[in-house]
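Trainee: Encoded as structure tokens, here's the structure I'll be asking about.
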Amino acid sequence: MSARDDHPTNGQSGKSADTAEIVAVSRPAERQASRERRQQYAYRFPRDPRQLGGQFSVAENSQRLLRFFYLERRLSHALGSWTLAIPEFEVKLETGRHLFYHADAAYHLRERLHEQEQTLKQIDAFRDADIDRLIDEVLSAADAPELLVGVHQVLGQALATAYRHHIDRTDSVTDAPTIRALRRILLDYEPMLAWADQALAAYVAGGIDESRLAGWRWHLARLLASIGGVTGADPRTPVPEPLRSAQKPFERSTHPARDGRFVTFCNTGDYDIADGEPRYPAGTYENLRLRFLRTQRDEVDAIEAFGTFLWDIRFMDFQAEYDLARITWDEARHTEIGHRTLLAAGYDPFELPNRLTGSTCRGPMEPAYAMAEINLFGEVGVLKTIGSLIDVAAERHDDLLYHAADFIRADERTHVRKGRHIIRVMTDLGAQELELRTRELFTECLVSLGVVKLDMDVFTVSREDIEHLVGE
Ligand SMILES: [Fe+2]
Ligand SMILES: [Fe+2]
């Protein structure tokens, strides 16, 4: 007789509520033998205190995770849309990092959703009009401090709380991968939200009206409550009136903003011309070295480029969004590397004029051409020269430049590789056509800025000139 046959409720497996009727068929002799074996077993491993339970089914779990995914995805877009408009150096830089934290949170939630009975196609196609309205309102911030209030103090705080609640409420055994994903997201959230509080305190200490920020925070918190909170499961309250975004739909800026510590130029792409008098003779190692370090600090414009692309191509392809977000963070790091190496090389980084030429041209441009310029010309251009610069740095025992350029070379190679897929998402144009149109548009822009002068009707700036004048 098999174990199944002597089971008293066998054959009634359609019932689910009366499992108490299912009597365990435990045999005393086997039970006793098992006990003895366990007593004789030498190792007393740590006991796992987790219990079965939890409040969500797979369907309920994925319903909540899908909303979290969407909010994270939209927050990465949202921060991207403001990268040009934020003037303050530190805030622009952190925003480049934070938009990747949100894209990465979306990435991990998407992976988990795919394990919870959702296809990637369904996940990527998910939209929520309430959340979109909330994001549009957050984006209608009057300035960067208001943006930080909406993104971090309202939405970021609410998501962190919701993630902690989800961790507490879901089954810690059956749904352990969700808990792990949320805990990893919170690892990024903790320093991000703490930084935002400190940055807002700095804005207030520096003269920004605290009551204006408090009013905006209250308005957005009410709007969030009106859609049932980040989970959508809280009781809904009336929508606060009026909504700025209803009166004037949000549009991203097209102009690169800088704070008052910077001196900027966009009438040339050449540092020696911008400086009036070159700091080192042209062609010397010293000249190339300083140009490299300044270019890195001035990659604050690459945060603007890739962040803006993320906004401009939102929803076209998740992988392209994710790669753009990661590249934006990398460019924020390059900016940090530039700032720190300039300090280590004996400069106050703000004494060196900041090149705005590339960002001024790219800002209003269609993403495919702006991307072709920064990726196919700028980043490919860097790879043509950085190898020999690193070799000379090694010969001269210039450890500072060697260390920085070594990591930057690896990053830029990665950007060129990821760029291929991103460009395919942005345009159907073939390589030649894309390059020609990009050169034409940049010629037009460089002429309008006075960077180059036209001496014949059909003149188009060469690839090499673009690499030099608006390259990275
Ligand atoms: Fe870079
Ligand atoms: Fe790059």
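Trainee: At a 10 angstrom cut-off on C-beta neighbours, averaged per residue, how do the peptides 52-59, 182-189 rank from highest to lowest?
Mentor: Those peptides, ordered most packed to least, come out 182-189, 52-59.
Trainee: Under a point spin-label approximation (7 Å from Cα along Cα-to-Cβ), what is the Arg35-Asp406 distance to one decimal in nm?
Mentor: According to this spin-label approximation, the distance is 6.5 nm.
Trainee: Cα convex hull of the range 342-472: how many Å³ per residue?
Mentor: Dividing the Cα hull volume of the range 342-472 by its residue count gives 131 Å³.
Trainee: So what is the diffusion coefficient of the range 16-147 in µm² per second by Stokes-Einstein at 37 °C and 0.692 mPa s, using a Kirkwood Rh over Cα pairs?
Mentor: Estimated via Stokes-Einstein, D reaches 167 µm²/s.
Trainee: Tell me the angle of helix 157-169 to the major Cα principal axis of the chain, expressed in degrees between 0 and 90 and rounded to the nearest ten.
Mentor: 30
Trainee: For labels at Ile22 and Asp275 in the simple 7 Å Cα→Cβ model, what's the distance in nm?
Mentor: 7.9
Trainee: Could I ask something else about it? Please give the peptides 19-26, 165-172 ranked by average Cβ packing (other Cβ atoms within 10 Å per residue), highest first, as a rough proxy for protection.
Mentor: Answer by packing, highest mean first, reads 165-172, 19-26.
Trainee: Arrange Phe89, Phe45, Phe407 by Cβ neighbour counts within 10 Å, fewest through most, would you?
Mentor: Going from sparsest to densest Cβ surroundings: Phe45, Phe407, Phe89.
Trainee: Show the residues, 5+ positions off or on another chain, whose built amide H is closer than 5 Å to the amide H of Thr264.
Mentor: Asn354
Trainee: If you line up the long axis of helix 285-297 against the longest principal axis of the chain, both from Cα atoms, how many degrees apart are they, to the nearest 10?
Mentor: 50
Trainee: Under 13 Å Cα to Cα from Lys384, which aspartates and glutamates show up? Leave out anything in the same chain fewer than 8 places away.
Mentor: Glu412, Glu464, Glu467, Glu472
Trainee: For the chain, what is the mean residue ellipticity at 222 nm derived from helices alone (per DSSP H run of n ≥ 4: -39500 (n - 2.57); sum divided by total residues; nearest 500 deg cm²/dmol)?
Mentor: Result for the chain: -19500 deg cm²/dmol, rounded to the nearest 500.
Trainee: If you don't mind, another one. Excluding residues on the same chain fewer than 8 positions from Lys121, give the lysines whose Cα lies under 20 Å from its Cα.
Mentor: none
Trainee: To test your reading of the geometry: what angle, between 0 and 90 degrees and rounded to tens, separates the Cα axis of helix 380-395 from the longest principal axis of the chain?
Mentor: 80
Trainee: Could you grab the relative contact order for the chain? Cα pairs under 8 Å, six or more apart, rounded to a whole percent.
Mentor: 18
Trainee: Can I ask one more? How large is the Kirkwood hydrodynamic radius of the chain, in angstrom, based on all distinct alpha carbon pairs?
Mentor: The answer is 25.5 Å.
Trainee: Ser226 to Thr284: extension gain in nm, 0.36 nm per residue of separation minus the Cα-Cα distance?
Mentor: 14.6 nm
Trainee: Based solely on C-alpha atoms, express the radius of gyration and the Dmax of the range 178-321 in angstrom.
Mentor: Radius of gyration, then largest Cα-Cα span, for the range 178-321: 22.2, 69 Å.
Trainee: Exposure proxy check: Thr268, Thr237, Thr178, Thr357 ranked by fewest other beta carbons within 10 Å?
Mentor: Least crowded to most crowded, the residues run Thr237, Thr268, Thr357, Thr178.
Trainee: Next question, about the same structure. How long is the gain from Arg424 to Ser388 if the chain were fully straight, where each residue apart is worth 0.36 nm and the alpha carbon distance is subtracted?
Mentor: Working it through step by step, the gained length comes to 9.9 nm.
Trainee: Using a simple charge model, +1 on the beta-carbon of Lys and Arg, -1 on the beta-carbon of Asp and Glu, nothing else, what dipole does the chain show about its Cα centre, in debye to the nearest 20?
Mentor: Roughly 2060 debye for the chain.
Trainee: By per-residue mean of other Cβ atoms within 10 Å, what is the highest-first order of 315-324, 381-390?
Mentor: So the order, starting with the most tightly packed, is 315-324, 381-390.
Coordinate-derived values only; no laboratory data. Since the structure is predicted, the reported quantities are computational estimates derived from the model, not experimental observations. Ideal geometry is used to build each Cβ from the backbone, glycine not excepted, and the neighbour counts take in all protein chains shown.
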